[in-house]
């Protein structure tokens, strides 16, 4: 089995959680799972998902991932330019 990335796309996170990606997209849109947005794309941190699962999964009130939210705000302030994932990871200390 390959290593699980520290920051995952919607489909990677759905695979990690072993649920359909559309279900995860619905949960993200409804605020039922901790998620951040980079532009129009969802991003999920492995450590945040692991904690969410330990806290009861969908019964847990999802929290905004402050680290990814800060990077998203910087990106928007920079005119929406794309920030490479490696730079996002570096800023989050991953």
*Candidate set from the range 1-27 (those that are modelled with pLDDT under 90 and within 26 Å of residue 87 (Cβ to Cβ)); member that is surrounded by the most Cβ atoms within 10 Å (Cβ to Cβ)*: 4
_Filter result (within 26 Å of residue 74 (Cα to Cα) and part of a loop (DSSP other than H, G, I, E, B)) within the range 5-18_ = 5, 6, 9
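Condition check ((1) modelled with pLDDT under 90; (2) within 12 Å of the chain's Cα centre (by Cα)) across all residues:
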position	(1), (2)
32	yes, no
35	no, yes
38	yes, yes
43	no, yes
47	no, yes
50	no, yes
59	yes, no
64	yes, yes
69	yes, yes
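The values are calculated or read from the model by the stated rules, or taken from the named source; none is laboratory data. Quick caveat, the model's predicted, so the values are computed rather than measured. We place every Cβ from the backbone using ideal geometry, glycine too, and count neighbours over all the protein chains shown.
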